[in-house]
Structures are given as structure tokens and as C-alpha cells.
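Comments concern the structure below.
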Amino acid sequence: MKHKKKIAVILACILSVSVLASCGNKAEQTASEKSQLEWWMPLDTTAATVVKSFEQTNLAQQLMKVTDTDIKFVHPPQGQESEKFNLLTASDALPDIITYNWEKYPGGPQQAIKEKVIIDLNQYKDKLPNLMKYLDENPEIKRMASTDDGQLYSFPFIRGNDTLCVSSGLIVRNDWLKELNIEVPETMDDWETMLTAFKEKKGATAPYCSTNIYLFAGAFNTSSGYYLDDGKVKYGPFDPSYKDYIVTMNRWYKNGLIDADFATRNRQATQSNILNGVSGATNGSIGSGIGAMMTAGADIEGFDLVGVPFPTLTGGKPEFGLYQSPVTPTNLSFSAISTTCENIDAALKLLDYGYSEEGHMLYNFGVEGESYEMKDGYPTYTEKITNNPEGLSMNAAMSTYMLSYSSGPFVQDVRYMEQYAQLPQQREAWETWSNSNAKEHLIPNLYMKEEELSRYAELKNSVDTRANEITLKLIIGTEPMENYDKLIEELRTRGADEVVAMQQAAYDRFLLR
């Protein structure tokens with residue numbers, strides 16, 4: 001019997017050891033398995049010309065490698081992003097991460113948290129060392145990235161330098177200015193003189209060609225929409241000077257200084273007009289505006305462009321211009337974690353990586369030795385980006401390695417733009433357009449109270465739609481100027497004052513975040 005017991009004990013020990021060994025192997029196997037996440041995001045339009053899925057980019061491959069994560073990227077069809085986002089957030093089958101403009105969610109991100117669609121990241125602060133460090137060091141950015149209740153709802157795209165908030169402005173045919181011996185325009189009188197010369201001496205049938213003629217409202221210290229003035233929300237059409245702006249635009253239109261079809265022009269048609277000599281002035285961005293037209297006009301003798309200051313009435317620093325918030329809502333701006341995510345730790349780690357030093361370099365410059373090299377401490381894009389051997393544009397080449405040209409969960413580096421603006425015309429325009437007080441008039445991201453949502457949306461849509469109609473009709477003359485006061489008063493009856501009051505209350509709440 002004792003012998004049998006000994007054998008039984010030995011067998012039990014062997015079995016225990018084998019079970020422990022098996023558990024150990026299983027633990028090792030589990031530890032070595034990569035985290036699995038599903039990430040829903042619109043595919044950047046530039047990247048979509050090069051790849052079918054973000055997974056195919058070098059950036060995504062490197063991101064999965066360094067974070068030890070397998071990611072299934074899901075992209076809504078181009079042009080159907082809003083529709084698919086609405087369907088997605090209304091369903092119970094949510095992906096782990098959703099990147100979109102969460103301000104488009106009914107009630108905004110605060111409501112999305114309340115309805116348990118996405119999580120409040122504040123409860124995971126200790127697991128977000130990189131993001132929280134940046135936000136704690138930049139309290140104004142933190143305010144912009146939070147709800148009125150102080151909830152941190154996403155990993156935001158952040159412009160890391162004030163100059164990155166300016167990338168568009170007014171553009172003029174510089175070769176025409178030189179030929180006609182005209183100085184770069186600064187005042188509205190300068191502009192009228194210049195456009196008249198373009199029409200009479202260059203045969204331009206649409207001297208200023210753009211859908212955006214509202215930039216000229218800033219010269220009259222007003223806006224075509226809502227803006228801040230010393231902490232107060234104002235509505236441009238209610239300013240007395242708005243009429244002066246309308247009268248001027250109406251005169252320009254009657255005199256053939258503005259493209260007769262400005263209301264329906266697209267960017268391609270506008271740029272074609274600039275290249276073909278139909279127009280001499282427009283507005284556009286550093287890359288898709290000046291960069292694209294300089295490239296397209298390379299075979300036109302003497303063709304040259306210049307970014308000009310936003311106009312004023314008497315000269316000096318422009319009060320208004322084009323300035324974007326450091327935390328700008330776009331379809332790729334805010335990456336949130338859904339409440340159905342089963343591996344929140346992995347999602348937190350993945351998204352927080354973008355705000356680390358290593359992640360910052362990856363998102364902004366790509367892979368060292370491939371898309372950039374360090375030269376005297378400066379991350380310098382290689383020819384794979386600046387002069388792509390496969391003939392890709394710089395934007396397209398960048399889209400395979402980084403997101404600095406677009407947006408995502410990281411802080412944009414100004415050194416990206418310093419190289420993206422390769423041409424002297426682009427760099428000079430960037431500097432010129434940055435010189436304005438537009439930042440002081442920008443209304444930040446605001447959220448209405450839940451009980452205000454439907455009324456605010458209804459009133460604002462009614463007011464804005466009618467205001468656009470009125471402005472257009474007054475400029476092209478289908479409404480006589482004698483009706484101006486009556487038409488503007490109509491905006492009040494539609495609830496414009498209430499819209500302003502709601503925005504003011506929301507702005508006051510913003511200051512308390």
C-alpha cells in the first residue's frame with residue numbers, strides 16, 4: 001500500500017508540474033500576443049489617392065509595431081463620412097476607437113459621454129502621461145479640448161505653434177503687379193485700383209475670382225458671421241460698417257471687378273482662371289493654393305504669385321484675417337474611445353503614444369532614415385518626400401509616412417510647415433497672412449446646453465441661410481440697396497439676437513472650464 005501511495009504522490013507531482021508548465025506556456029503565449037483594436041476613421045482624401053486603407057501606410061505599420069498592437073482600420077466611404085458616423089454612433093456595435101469631429105454629435109461630445117457612447121478620459125489620467133503632461137503645460141489648449149463640465153473626451157489634434165493656425169489668405173498675380181508697376185495692395189482703395197487695372201490693362205474678365213468675397217468684410221472691422229470683440233460675441237451683419245462692406249462689394253460687382261459667377265466657383269475653376277489670365281487675384285492656401293498654382297504655371301513665362309495682406313481701410317495691421325483654432329474641429333481631429341472597448345488600456349496606450357517624443361516624430365516626420373533624417377538636430381525630409389522618385393506630390397508622399405499635413409491624435413510641429421512651404425512665395429505668404437489680429441476675434445469651440453440644442457440649431461440655420469441669401473442678393477443687385485435695413489431687420493425677427501445670446505452664454509461657460 002505504501003508503495004502504491006508513493007507512486008500516486010509521484011504521479012500527482014508530475015501532473016502538477018506539467019499543469020504548471022502548461023499554464024506558464026499559456027501565460028507566455030498570452031503575454032506575447034498583440035493587443036487587438038478596431039479603429040474607425042475617415043481616410044484622409046490625399047491618402048485615399050495612394051492607398052485603399054490607412055493600414056497600408058508606413059505610419060500605420062510603424063504605429064502597430066512600436067505599440068505592439070494589431071489594428072483593424074475601418075473607413076467610411078469618401079463623401080459619406082457624416083452619414084456613416086451618425087449610423088455608427090446610433091448602433092450598439094461600436095468600434096474601440098472612433099476618430100471624427102465629435103462636435104457634430106447631437107449635443108456635442110458632452111452628450112456623447114452622457115449617452116455612454118464614448119468615455120471620459122479624466123478617469124484614466126494616470127495612464128495618459130504624455131497627453132496629460134502636454135495639457136497641464138498648456139491650460140488654454142486643455143480648455144479647448146474639454147467639455148463645459150471639464151470632461152476630456154478625446155485625443156485631440158493640436159497645432160503646436162500659433163503660426164500653424166494660419167495657412168490661407170489672399171493671392172495675387174505678382175508678375176502682373178510688376179508689369180503694371182503696382183505695389184502690393186494693402187487698403188481697399190489699393191485693391192480697387194489694382195482690380196481695375198487688371199480688367200482694363202490685362203483684359204481680365206474676372207479680376208477677383210473666388211467663392212470667398214467675405215474676406216473683404218474684415219477691412220471694415222466686421223465679419224460676415226459671428227465673432228468676438230473684447231469678450232463679447234457679435235454678429236457682423238448687425239454692425240453699421242457691414243453696410244459699407246456690402247456697398248463696396250456691390251460697386252465692385254457692377255464694375256466687373258468680381259467674377260460674375262463667384263457664388264458657384266470651385267477651386268479648380270478659380271485656379272484655372274488665374275493660370276489662364278482670366279483673373280489676377282483669388283484666395284487660397286499655402287499648399288493647394290500657391291504651391292499648386294506655381295507648379296501648374298511653371299511653363300507660363302514669368303508666372304509668379306504673391307500672398308498679400310488682408311485689406312484695411314487706412315493701412316496698418318489688419319484686424320481680421322484667417323486664423324484657425326489650435327484645436328480645430330475636422331473629421332480627423334478627435335479620437336475618442338468607445339464605451340464598448342474591451343481593452344481600454346491598449347487603446348489608451350496607443351493614442352497616448354502620439355503625444356510622446358517618439359510619437360511626435362513619427363506623426364510629424366515619419367520613419368527616420370526613410371522619410372526624414374536628422375541634420376544638425378533638425379528633422380529634415382528626404383527626397384522621398386520632397387522630390388518623390390515615383391512622381392507623387394509632396395502631400396501624397398507625406399500621406400504614406402505621416403499625418404502632419406492633415407490631422408490626427410498628436411501635436412503638429414512647426415518644422416513640418418517650414419519644409420512643406422518649399423517655395424519662397426509660400427514662406428513669404430505664410431509670414432504675411434500671419435500678421436493680423438484675427439486670433440482675438442475667433443470664437444472657440446462652444447457647446448449649447450441640452451435643452452437649447454434643437455432651438456439653437458433651428459434658429460441659427462434659419463438666420464445663417466437667410467443672411468447668406470441677403471448678402472448675395474445685395475451684392476449682385478437682385479435686391480436694391482434701399483431694402484438693406486429692412487432685410488437686416490429680418491434677421492432679428494428670425495432670432496439672430498437669441499443666437500448671439502446663446503453663444504455668449506456658451507462662451508462664458510467656456511471661460512469657466
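The values are calculated or read from the model by the stated rules, or taken from the named source; none is laboratory data. Remember, it's a predicted structure, so these values are computed and weren't measured experimentally. Because the Cβ atoms are built from the backbone with ideal geometry, glycine has one as well, and the counts that use them run over all protein chains shown.
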Restricting attention to segment 359-400, the residues that are among the charged types (D, E, K, R) and surrounded by 12 or more Cβ atoms within 10 Å (Cβ to Cβ) number exactly 4
On the given criteria, is residue 199 among the basic types (Lys, Arg), in contact with a Leu (Cβ under 7 Å, 6 or more places away or on another chain) and not in a strand (DSSP E or B)?
-> yes
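Table: residues versus (1) in the same structural domain as residue 448 (by TED's automatic domain parsing); (2) crowded, with 23+ Cβ neighbours inside 10 Å.
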| residue | (1), (2) |
| --- | --- |
| 130 | no, no |
| 140 | no, no |
| 143 | no, no |
| 155 | no, yes |
| 192 | yes, no |
| 209 | yes, yes |
Of (1) in a helix (DSSP H, G or I); (2) closer than 30 Å to residue 510 by Cα, residue 149 fails just (1)
Breaking point among (1) more than 19 Å from residue 427 (Cα to Cα); (2) assigned to a loop (DSSP other than H, G, I, E, B), for residue 324 | (1)
Return the total of residues in segment 31-54 being in contact with an Asp or Glu (Cβ under 8 Å, 6 or more places away or on another chain) and either farther than 22 Å from residue 341 by Cα or charged (D, E, K, R) (or both).
-> 2
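Conditions (1) in a strand (DSSP E or B); (2) within 24 Å of residue 317 (Cα to Cα); (3) at pLDDT 95 or above, marked per residue:
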residue	(1), (2), (3)
134	no, no, yes
140	no, no, yes
170	yes, yes, yes
181	no, yes, yes
185	no, yes, yes
For segment 212-242, name all the residues that are among the aliphatic types (A, V, I, L, M) and either within 30 Å of residue 271 (Cβ to Cβ) or touching a His at 6+ places or on another chain (Cβ under 7 Å) (or both).
-> 213, 215, 217, 219, 228
Determine, yes or no, whether residue 118 is crowded, with 20+ Cβ neighbours inside 10 Å, touching a residue at least 12 places away in the same chain (Cβ under 8 Å) and closer than 30 Å to residue 371 by Cα.
-> no
For segment 88-110, pairs from a residue that is among the small types (Gly, Ala, Ser) to a residue that is assigned to a helix (DSSP H, G or I), with Cβ under 9 Å and 6 or more apart or across chains, are 107/114; 107/450; 107/453; 108/102; 108/453
Can you find even one residue in segment 39-53 that is surrounded by fewer than 17 Cβ atoms within 10 Å (Cβ to Cβ) and of a type in the set (Asp, Glu)?
-> no
Residue 460 vs. criteria assigned to a helix (DSSP H, G or I), farther than 20 Å from residue 106 by Cα and out of contact with any Cys (no Cβ under 6 Å at 6 or more places or on another chain) = no
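Just checking, which of 498, 482 is among the acidic types (Asp, Glu), crowded, with 16+ Cβ neighbours inside 10 Å and assigned to a helix (DSSP H, G or I)?
Selected residue: 498, the only one of 498, 482 that is among the acidic types (Asp, Glu), crowded, with 16+ Cβ neighbours inside 10 Å and assigned to a helix (DSSP H, G or I).
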Pairs only if they're at least six apart or on different chains, beta carbon under 8 angstrom, first in segment 243-272 and touching a residue at least 40 places away in the same chain (Cβ under 8 Å) and surrounded by fewer than 17 Cβ atoms within 10 Å (Cβ to Cβ), second outside any helix (DSSP H, G or I) and of a type in the set (S, T, N, Q); list them, first residue then second.
-> 256/205; 263/211; 264/211; 266/211
Would you be able to say whether some residue in segment 202-217 is over 18 Å from residue 308 (Cα atoms) and out of contact with any helix residue (DSSP H, G or I) (no Cβ under 7 Å at 6 or more places or on another chain)?
-> yes
Condition met for residue 221 (closer than 23 Å to residue 202 by Cβ, modelled with pLDDT of 95 or more and not hydroxyl-bearing (Ser, Thr, Tyr)) | no
Within segment 349-358, restricting attention to residues that are surrounded by fewer than 19 Cβ atoms within 10 Å (Cβ to Cβ) and of a type in the set (D, E, K, R), which residue is farthest from residue 411 (Cα to Cα)?
-> 349
